[in-house]
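Undergrad: Structure below; questions to follow.
The numbers here are math on the coordinates, done by the rules we state, and not lab data. Keep in mind it's a predicted model, so treat the numbers as computed, not measured. Cβ atoms come from the backbone with ideal geometry, glycine included; neighbour counts cover every protein chain shown.
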Amino acid sequence: MFDIENLKINLIRLFLTLIIIFFTLILFGISPFEVFESIIYGSLGSYSKIIRTIIVWTPISLASLALIYTFSAGMWNIGIEGQIIMGAVGSTLVARSIFGDDFISPYLQIFMAIIFGAFWGLISAILKVKANVHEIFSGLGLDFVASGIVIFLIIGPWKREGIASTGGTDIFDKASWVPTIGNSNFPLFLLLVIFLLYLVSALVIKYSSLGIRLKATGINIFATERFYFTSDKYIIFSYLIAGGIAGIAGFSQSSAAYHKLVPSISGGFGFLSILIVLICSRNIYFSFIVSFLFAALIVGGSQLQIRMGLDHSIIGIIQATFVLSWLVLQKLELEKLISQKITKVFVK
Amino acid sequence: MNIEIKNISKSFGSIEANKNINLKLKSGIHALLGENGAGKSTLVKIISGQILPDEGNIFIDNNEVILGSPKNSIEKGIGLLNQDPLDFSNLSIFESFLIGINEKNPYRNINKIRSKIEKLFNNYRVTVDLNSKTNSLSIGERQQVELLRLLYNGAKLIILDEPTSAFSLEQKKRMFDTLRQLSKDGIIIIFVSHKLDEVFEICDSASILRSGKLVENIIQPFDSNKILSVMFEKNEINSISSKDFDRKENFIINFSKNDLNNQVQISKSHTIKQGSVIGIAGLQGSSNDKYIKNFFTKEFSSTAIELENNKKIYKTFFYYMPADRLEKGLFSDMNLLEHFGLSETSRTNIINWNDVKEKANSKIKEFDIKADITSQINELSGGNQQRVMLSLMPPDKSFLLLEQPTRGLDINSANKIWEMILQRKEKDYAIFFSSTDIDEIWEYSDVIISVSGDEIMNIEYKENLEKDFIAKYISGII
């Protein structure tokens, strides 16, 4: 089940990527060691920092997982941002309802977030299948519509008492926050959701008819009928699943990160996840790891400002360098050569 | 104006596509005839400069043409009209004329050009608006416009490569009128076609190619029997013995009335013994492939298969194998194991990869596929891809629908493929296959359906048929 050769190549590539980032930072006149140390300290250096990293990792890892489904079916699901946003809207709807102060609220929120996200994904899928609208256009459009809906809700029906600002809705009742263990604020619940969804997805993609049919749809939609299924149906499936999972990412944003609905609720994590899935070329294990690296980078990045007086934008530079050099290395297939050399040395 | 082709030869690997071809034309409409693979297209491509021949020369008005240079061919007055219109579908007709104009002067007079084109269109009674977009025209009109564009650019010799394959009758008539007028105006026309009726109607003379050689030049009046006997070479295929069988059950093909040629009397419903091999013969570009696919998808016509006693037929009873292996048949980036896994999905929701692996390995052995389970499909040769498709046949009793099962395969691979197919005779409902090769149809079929264009010309058990009739039927001669 686990491809050792593939893992080895990816690890070598990761190492080479880090070297490129290293030299990029030197070019900017920044000490790379200090930057790496700050990031590690800033993301994992204390209990509260670990919690923050988990809270950022959740939406990124879930959005990446969602995209693995749509990418498998050959779909560029740019609408992932909108699906995250609508998930957050769904869960805010529950948090502001009569169930908002009930212990059942988070579970209802997840349910509603899945429905909202899946519905938003379904629109793209239907447009694609029935009207042949390219999913990039519909997705981009629906992202804007979802952002618009959130702003409308925040300054309209869901505005704070007496104030109409874009600062967000009222803070949710504590019962609507993501459950934590006992009195601590450790979001074990989120970790469980991540692990469960990744485990189930790994099994689905590998062992179910759905998994192999999604992959086949992504490679050649003209040959699927011969195998007694229609690619249209599986494009819709992929969007329903991806939208549902992205909805849960939205739930995490509204009920674990902000505890309210804010205009930029998705945090841009949907677009970031597209990069991650591109890097991982749909490998589910690797997207689990890389999404964690990116979360650590984002959370740890705030330390750069405090400790080194650097602007936060340096994180963007590191991220972009990471993705670009990764993709270039992938094309060059350098690490395959290195891997063969290493094997030769060890064999000798 | 005259064109002289001297000693043209061209081989692709071990295949000699053209062997020492000599031809001299002065005027009129001249047909190039021959079955698939006879070398017509190669010759056309050599004349138009798309392919460089191994040997030989071409002269136009005693000037030697630089071979292998499309630009020089155009300058010397050779124009090629492709089977599918090669025009700019997003431009207006006028714009596409401007693009093709062969002059270097940047300050050209647009109005002058326009009136010149209009005059040309009037001369040939082509009534389309110069401002209309090319993609708003019918295929026939597009080809007509292309023809005039070639003329405008100074073509004195025009080659038409199966120009009428997508035409309606009306369009064909208009095209032929244009061609006759062009010929009267001194343009030499080379007309490449499979369709003998068209050749009879419009051509003054013809050359017949067979296996790369020019075997005969003829002039009107043509003798159809003679042409057929020269065109279709009799070659012997090692026959594969299939066991005699005697099956009691039948199945029924119900034809849609629209599919049957209305000049011949064919009954709509045909009862055929189960286990029969049904060959659908047709020339390239005819609908014989579409009929194969239609039994599975029913998107082309309402012609359908039924079982006796109204037993229901499910989609999974059919195994459809398209002629385009990579385009429509297989998944280029998936490996063999994944293909076998995929073919399990119609029976199960959870895939047991260990079982699939075992099955895949045994199928690879059984069908003699030169690959292992981790090989990607796009790494395999055409013959091996074909065997993979066959190895994915369902184990249950099926209707096999095989589109040109041996297309592009050499004679040995083809024989092996047929061995594998005929093994299924005893067990399956029926085996349908299409082919453009009459010998293949004759060799393996129990029942033969002949298709010309979109229409079914004949359906008959082989024992009631003579082989020569098939060539006539598929050429549209009744």
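Undergrad: Filter the trypsin sites (Lys or Arg not before Pro) in the range B:246-335 down to the DSSP loop ones having no more than 15 other Cβ atoms within 10 Å, then list what survives.
TA: B:Arg247, B:Lys248, B:Lys268, B:Lys298, B:Lys311, B:Lys312
Undergrad: Please list, in order along the range B:359-371, the HN-Hα scalar couplings obtained from phi with the Karplus expression 6.51 cos²θ - 1.76 cosθ + 1.60 (θ = phi - 60°), rounded to whole Hz, x for Gly and Pro.
TA: With coefficients 6.51, -1.76 and 1.60, one gets 5, 4, 4, 6, 5, 4, 5, 4, 9, 6, 7, 8, 5 Hz.
Undergrad: Moving on. Under a 5 Å amide H to amide H cut-off, with H placed in plane at 1.01 Å, what residues pair with B:Arg210 once short-range neighbours are removed?
TA: B:Val215
Undergrad: In debye to the nearest 20, how big a dipole does chain A give about its Cα centre with +1 on each Lys and Arg Cβ and -1 on each Asp and Glu Cβ? Please list the in-between numbers first.
TA: Working: 23 positive and 17 negative charges, 166 e Å.
The calculated dipole for chain A is roughly 800 debye.
Undergrad: Under a GNM of chain A (C-alpha, springs under 10 Å), which listed residue has the highest mean-square fluctuation: A:Ile181, A:Ile221, A:Ile115?
TA: Most flexible of the set in this elastic network: A:Ile181.
Undergrad: Shifting gears a bit: If contacts are Cα pairs under 8 angstrom and at least 6 residues apart, what is the relative contact order of the range B:250-474 in percent? Each step should come with its number before you reach the end.
TA: Values: 391 pairs, mean separation 73.3, N = 225.
Value for the range B:250-474: 33 percent.
Undergrad: Within the range B:250-474, what percent of beta bridges assigned by DSSP are antiparallel, to the nearest 5? Don't skip to the end; give the middle numbers.
TA: Numbers: 16 of 35 bridges.
Bridges in the range B:250-474 are about 45 percent antiparallel.
Undergrad: If the range B:338-460 were replaced by its equivalent ellipsoid, with semi-axes equal to the square roots of 5 times the Cα gyration tensor eigenvalues, what would those be, largest first, whole Å?
TA: Details: eigenvalues 171, 59, 32 Å².
Semi-axes from the Cα gyration tensor: 29, 17, 13 Å.
Undergrad: Kindly state, to the nearest 0.05, the FRET efficiency for A:Leu11 paired with B:Gln181, given R0 = 60 Å and r defined as their beta-carbon distance.
TA: Details: r = 73 Å, r/R0 = 1.22.
Once the sixth-power term is evaluated, E becomes 0.25.
Undergrad: Further question on the same structure: I'd like the FRET efficiency for B:Lys71 and B:Asn123, computed as 1/(1 + (r/R0)^6) with the beta carbon distance as r and R0 of 30 Å, rounded to 0.05.
TA: Details: r = 27 Å, r/R0 = 0.91.
It comes out at approximately 0.65.
Undergrad: Pop a pseudo-label 7 angstrom from the Cα along the beta-carbon direction at both A:Leu192 and A:Ile30 and give the gap in nm to one decimal.
TA: Roughly 3.9 nm, to one decimal.
Undergrad: For chain A, restrict the atom set to alpha-carbon positions and state the Rg and Dmax in Å.
TA: Calculated on Cα positions, Rg and Dmax stand at 21.1, 77 Å.
Undergrad: Work out from phi, with θ = phi - 60° and the Karplus expression 6.51 cos²θ - 1.76 cosθ + 1.60, the ³J(HN,Hα) of each residue of the range B:131-138, listed in order in whole Hz, and give x for Gly and Pro.
TA: 8, 6, 5, 4, 6, 8, 8, 6
Undergrad: Specify which residue in the list B:Met420, B:Ala360, B:Asn250 is farthest towards the positive end of the charge dipole of the range B:250-474, using unit charges on the beta carbon of Lys, Arg (+1) and Asp, Glu (-1), about the Cα centre.
TA: B:Asn250
Undergrad: Taking H as built 1.01 Å from N, whose amide H comes closer than 5 Å to the amide H of B:Ala17, not counting residues under 5 places away?
TA: B:Lys10, B:Ser11, B:Phe12
Undergrad: May I pose another question? Compute the Rg to Rh ratio over the range B:3-231 from the alpha carbon atoms, using the Kirkwood formula for Rh, and round to two decimal places. List each step's numbers first, then the result.
TA: On the way: Rg = 17.8 Å, Rh = 18.3 Å.
In the range B:3-231, Rg relative to Rh is 0.97.
Undergrad: Tell me the label-point distance for the pair A:Lys341, A:Arg160, using the 7 Å Cα-to-Cβ offset, in nm and rounded to one decimal.
TA: 5.8
Undergrad: Taking amide H atoms as placed 1.01 Å from N in the peptide plane, list the residues 5 or more away in sequence, or in a different chain, whose amide H sits under 5 Å from that of B:Ser452.
TA: For B:Ser452, the qualifying residues are B:Met457.
Undergrad: Also: Within the range B:393-478, list the trypsin sites (Lys or Arg not before Pro) lying in a DSSP loop whose Cβ has at most 15 other Cβ atoms in a 10 Å radius. Please list the in-between numbers first.
TA: On the way: sites: B:Lys397, B:Arg407, B:Lys416, B:Arg424, B:Lys425, B:Lys427, B:Lys462, B:Lys467, B:Lys472; in loops: B:Lys397, B:Arg407, B:Arg424, B:Lys425, B:Lys427.
Passing sites in the range B:393-478 are B:Lys397, B:Lys427.
Undergrad: When the Karplus curve 6.51 cos²θ - 1.76 cosθ + 1.60 is applied with θ = phi - 60°, which whole-Hz ³J(HN,Hα) does each residue of the range A:8-23 get, with x for Gly and Pro?
TA: Coupling constants for the range A:8-23: 4, 4, 5, 5, 4, 5, 4, 4, 4, 4, 4, 4, 4, 4, 3, 6 Hz.
Undergrad: Taking DSSP loops as anything outside H, G, I, E and B, show the longest stretch in chain B free of GluC sites (Glu not before Pro) there with at most 13 other beta carbons within 10 Å. Before the final figure, lay out each step's value.
TA: Numbers: sites that count: B:Glu103, B:Glu233, B:Glu236, B:Glu249, B:Glu299, B:Glu426, B:Glu466.
Here the longest run is B:104-232.
Undergrad: Could I ask something else about it? Treating each Cα of the protein assembly as shown as an identical point scatterer and ignoring solvent, apply the Debye formula and state log10 I(q)/I(0) at q = 0.04, 0.06 Å⁻¹.
TA: After summing over all Cα pairs, the log10 values are -0.27, -0.58.
Undergrad: Let me ask something else about it. About the Cα centre of the protein assembly as shown, how large is the charge dipole given +1 on each Lys and Arg Cβ and -1 on each Asp and Glu Cβ? Please answer in debye to the nearest 20. Provide the component values of the computation, followed by the final result.
TA: Values: 83 positive and 82 negative charges, 236 e Å.
So the dipole magnitude of the protein assembly as shown works out to roughly 1140 debye.
Undergrad: Projected area of the range B:255-324, taken from the Cα convex hull and averaged over every viewing direction, in nm²? Don't skip to the end; give the middle numbers.
TA: Values: hull surface 23.5 nm².
Quarter of the Cα hull surface area: 5.9 nm².
Undergrad: In a shell of Cβ-Cβ distance under 14 Å around A:Ser264, excluding A:Ser264 itself, what net charge do Lys and Arg (+1) and Asp and Glu (-1) give? Numbers along the way, then the final one.
TA: Details: positive: A:Lys260; negative: A:Glu81, A:Asp143.
With Lys, Arg at +1 and Asp, Glu at -1, the neighbours total -1.
Undergrad: Based on the Cβ-Cβ distance of A:Phe119 and B:Lys315, what FRET efficiency does E = 1/(1 + (r/R0)^6) give at R0 = 30 Å, to the nearest 0.05? Mind dumping the intermediate values first?
TA: Numbers: r = 31 Å, r/R0 = 1.02.
Efficiency, rounded to the nearest 0.05: 0.45.
Undergrad: I would also like to ask the following. Restricting things to alpha carbons, find the Rg to Rh ratio for the range B:250-474 using the Kirkwood radius for Rh.
TA: Working: Rg = 17.8 Å, Rh = 18.2 Å.
Result for the range B:250-474 is an Rg/Rh of 0.98.
Undergrad: Restricting the count to DSSP beta bridges whose residues both fall in the protein assembly as shown, what percent are antiparallel, rounded to a multiple of 5? Mind dumping the intermediate values first?
TA: Details: 38 of 74 bridges.
In the protein assembly as shown, approximately 50 percent of DSSP beta bridges are antiparallel ones.
Undergrad: Something else now. Where in the range A:40-140 are there trypsin sites (Lys or Arg not before Pro) that are in a DSSP coil and have at most 16 other Cβ atoms within 10 angstrom of their Cβ? Walk me through the intermediate numbers first.
TA: Values: sites: A:Lys49, A:Arg52, A:Arg96, A:Lys128, A:Lys130; in loops: A:Arg96.
Counting only loop positions with at most 16 other Cβ atoms within 10 Å, none of the trypsin sites (Lys or Arg not before Pro) in the range A:40-140 qualifies.
Undergrad: Quick one: what do you get for chain B if you divide its Cα Rg by 2.2 N^0.38 Å? Don't skip to the answer; put the middle values down first.
TA: Numbers: Rg = 25.3 Å, N = 478, 2.2 N^0.38 = 22.9 Å.
With N residues counted in chain B, Rg over 2.2 N^0.38 Å equals 1.10.
Undergrad: Still on this model: Full-extension gain between B:Asn62 and B:Asn135, please, as 0.36 nm times their residue separation minus the C-alpha to C-alpha distance. Mind showing how you got there, number by number?
TA: Numbers: separation 73, 0.36 × 73 = 26.28 nm, distance 3.95 nm.
Gain in length upon complete extension: 22.3 nm.
Undergrad: Taking other Cβ within 10 Å of each residue's Cβ, how do A:Met75, B:Met1 sort, fewest first?
TA: On the way: A:Met75 26, B:Met1 13.
With the fewest neighbours first, A:Met75, B:Met1 line up as B:Met1, A:Met75.
Undergrad: Related question: Can you give the charge dipole size of chain B about its Cα centre, rounded to the nearest 20 debye, using +1 on the beta carbon of Lys and Arg and -1 on the beta carbon of Asp and Glu? Mind showing how you got there, number by number?
TA: Numbers: 60 positive and 65 negative charges, 198 e Å.
I would put it at about 960 debye.
Undergrad: What is the distance, in nm, between label points placed 7 Å from the Cα along the Cα-to-Cβ direction at B:Lys257 and at A:Ser313?
TA: With each label point 7 Å from Cα toward Cβ, the separation is 7.6 nm.
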